[in-house]
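Visitor: One structure, pasted below without further comment.
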Amino acid sequence: MSDVDQKVSEYYSKLLKRNAGEPEFHQAVAEVLDSLKIVLEHDPHYADYGLIQRLCEPERQIIFRVPWVDDQGQVQVNRGFRVQFNSALGPYKGGLRFHPSVNLGIIKFLGFEQIFKNSLTGLPIGGGKGGSDFDPKGRSDQEIMRFCQSFMTELHRHIGEYRDVPAGDIGVGGREIGYLFGQYRRLTNEHESGVLTGKGLNWGGSLVRTEATGYGCVYLTEEMMKANGDSLQGAHVIVSGSGNVAIYAIEKAQQLGATVVGFSDSSGWVHTPEGVDVELLKQIKEVERGRVGDYVKHADNATFHEDGSVWDLEAAVALPCATQNELDESHAKNLVDKGVAYVAEGANMPCTPEAIEAFQKAGVHFVPGKAANAGGVATSALEMQQNATRDSWSFEYTDERLQEIMKNIFRATADTAAQYGHENDYVVGANIAGFKKVADAMLAQGVI
């Protein structure tokens, strides 16, 4: 074992003890540290001044009580989180997730990933994440409003357009952002539109923000395919999930000539051999808030399945867009056997480490979420620019900016991988490219 391997291994062991019971955070750190060994062999100065230790320790972790009253007049109590992980490049930027699975370890994993994702965009934003174990499913609009108002009553003390700018994530869409922003405005007596992104278009929001994560994932996938002599035109694509990211990944993939042959949600999956009726899917999921099984009641040539997995289908491209660790080693091997050649993570860490290893061993081109799903936060930063200048950009102009950002992310990822002797290893490329920009800023700013 080299000195670098030993030092990184010793540090990781300490991190496990220091952050017990946080497996998702451990997984995210382990993946990055594995790539950073390569950097430290070439550029040992990145080990100076406790840089790696500081990078893996959040600057601030905020946990708070969120009491609210349900429609039956009963008091409910949830837990709220905001982890402000790293502000070396700019104000903390990252979404809020409302889901019963949320805990401190989940938020730390998401915030840690956000550091490198935000760095890759090339925009001046740091990394953070937040949320609550509140479950919006089955709750009335009034209950969600009361919860959001209670949540923001505490959170507003810790955010601001020059400090920390949250956005949406799982369970937090336009409705929730509206309630959160209204309460922030009420508490501060300021219309500080830059404090949240994902706002409504007539009160500070940006065109393309809704579509951005899904579109961005597809733009990067197309760029990756072009670099390897392929194209989405005529390709079969599988997209897991049917939320915001998945819907707009499906839409853009089909606009670029692909056929999306399957999508899913937690209730099961749908096989669509002739492609997806995107407008119908939007109606089912966004308007009626239904399940994917409802889609097949109105669509021709579509079948719903509760057993098996959407990863049982045959396709050249797979875009996991649901949630963390949804695609495991058995799914990966199945996809390889069915001929998958390209995988890009639309969600945050949806592939297990074993799945990634199976893809890479089989020669599948794989891009991690910190690169592939950076379109959402990139467009959030563009929304911040528009808010700062009291401006509003056209859909076409904003979409062009998004496309260029995603192309630049892929180029930086591919070029960095090649520079460090790991050509076509986009995991190494994304981790190192994202790390170096943050690390250089941290070293320049001293030990803080």
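Visitor: Antiparallel DSSP bridges in the stretch 241-370: what percent, to the nearest 5?
Guide: 55 percent
Visitor: If you wrap the stretch 1-128's Cα atoms in a convex hull and average its projection over all directions, what's the area in nm²?
Guide: Average of the hull's projected areas for the stretch 1-128 equals 9.3 nm².
Visitor: I'd like the trypsin sites (Lys or Arg not before Pro) in the stretch 363-403 restricted to DSSP loop residues with at most 13 other Cβ atoms within 10 Å, sorted by number.
Guide: Arg390
Visitor: Among DSSP beta bridges whose residues both lie in the stretch 43-180, state the antiparallel percentage, nearest 5.
Guide: About 65 percent, rounded to the nearest 5.
Visitor: Listing Arg157, Arg291 from the residue with the fewest other Cβ atoms within 10 Å to the one with the most, what is the order?
Guide: Arg157, Arg291
Visitor: A further question follows. Which residues among the stretch 60-96 fall inside the zone where the amide N is under 15 Å from a point 7 Å beyond the Cα of Arg175, along Cα→Cβ?
Guide: 71
Visitor: Placing unit charges on C-beta atoms (Lys and Arg positive, Asp and Glu negative, everything else neutral), compute the dipole magnitude of the stretch 3-55 about its Cα centre in debye, rounded to 20.
Guide: Its charge dipole is roughly 280 debye.
Visitor: For the chain, with only Lys/Arg (+1) and Asp/Glu (-1) charged at the beta-carbon, what is the dipole magnitude about the Cα centre, in debye rounded to 20?
Guide: Here the size comes out at about 1480 debye.
Visitor: Now, a different point. Using only alpha carbons, build the gyration tensor for the stretch 60-192 and give me the equivalent ellipsoid semi-axes, biggest first, whole Å.
Guide: So the three semi-axes of the stretch 60-192 are 25, 16, 12 Å.
Visitor: Using the basic label-point model (7 angstrom from Cα toward the beta carbon), what is the Arg411 to Ser13 distance in nanometres?
Guide: If labels sit at Arg411 and Ser13, their model points lie 4.4 nm apart.
Visitor: What FRET efficiency comes out for Arg54 versus His298 if R0 is 60 angstrom and r is the Cβ-Cβ distance? Round to the nearest 0.05.
Guide: It comes to 0.65.
Visitor: Can you put Ser267, Ser35 in order of Cβ neighbours within 10 angstrom, beginning with the fewest?
Guide: Arranged by neighbour count, lowest to highest, Ser267, Ser35 become Ser267, Ser35.
Visitor: Which one of Ala316, Gly257, Ala302 is farthest out on the positive end of the charge dipole of the stretch 212-372, using unit charges on Cβ (Lys, Arg +1; Asp, Glu -1) and the Cα centre as origin?
Guide: Comparing the listed Cα positions along the dipole, Gly257 ranks first.
Visitor: Something else about it: Using only the Cα atoms of the stretch 212-372, construct the convex hull and provide its projected area averaged over every direction, in square nanometres to one decimal.
Guide: Its average projected convex-hull area is 8.1 nm².
Visitor: Select from Leu187, Gln76, Gly95 the residue farthest towards the positive end of the dipole of the stretch 60-192; place +1 on Cβ of Lys and Arg, -1 on Cβ of Asp and Glu, and compute about the Cα centre.
Guide: Toward the positive end, the furthest listed residue is Gly95.
Visitor: Place +1 on the Cβ of every Lys and Arg and -1 on the Cβ of every Asp and Glu in the stretch 3-55, take the dipole about the Cα centre, and give the residue among Asn19, Ile52, Ala30 whose Cα lies farthest towards its positive end.
Guide: Among Asn19, Ile52, Ala30, the one farthest towards the positive end of the dipole of the stretch 3-55 is Asn19.
Visitor: I've got another one for you. Once label points are set 7 Å from the Cα along Cα→Cβ at both Phe395 and Asp43, what is their separation, rounded to one decimal in nm?
Guide: 4.0 nm
Visitor: Among DSSP bridges having both ends in the chain, what percentage is antiparallel? Round to the nearest 5.
Guide: 50 percent
Visitor: Using a cut-off of 24 Å between alpha-carbon atoms, which lysines can reach Lys407, once sequence neighbours fewer than 8 places away in the same chain are excluded?
Guide: The qualifying lysines are Lys93, Lys117, Lys226, Lys252, Lys370, Lys436, Lys437.
Visitor: Kindly put Lys117, Lys285, Lys361, Lys37 in sequence by how many other C-beta atoms sit within 10 Å of each C-beta, fewest to most.
Guide: Lys361, Lys37, Lys285, Lys117
Visitor: Pick from Gln255, Gln74, Gln183: which is most flexible by mean-square fluctuation in a GNM of the chain where alpha carbon atoms under 10 Å apart are linked?
Guide: Among Gln255, Gln74, Gln183, the largest mean-square fluctuation in the Gaussian network model of the chain belongs to Gln74.
Visitor: GNM on the chain, C-alpha springs below 10 Å: top fluctuator among Asn408, Asn244, Asn228?
Guide: Highest fluctuation among the options: Asn228.
Visitor: Turning to a different aspect of this structure: Treating the beta-carbon of each Lys and Arg as +1 and of each Asp and Glu as -1, no other charges, what is the dipole magnitude of the stretch 295-416 about its Cα centre, to the nearest 20 debye?
Guide: It works out to roughly 340 debye.
Taken together, the values in this text are just the output of simple stated rules run on the coordinates, not laboratory data. For clarity, every value in this text was computed on a predicted model and none was experimentally measured. Note that each Cβ is placed from the backbone with ideal geometry, even for glycine, and that neighbours are counted across all protein chains shown.
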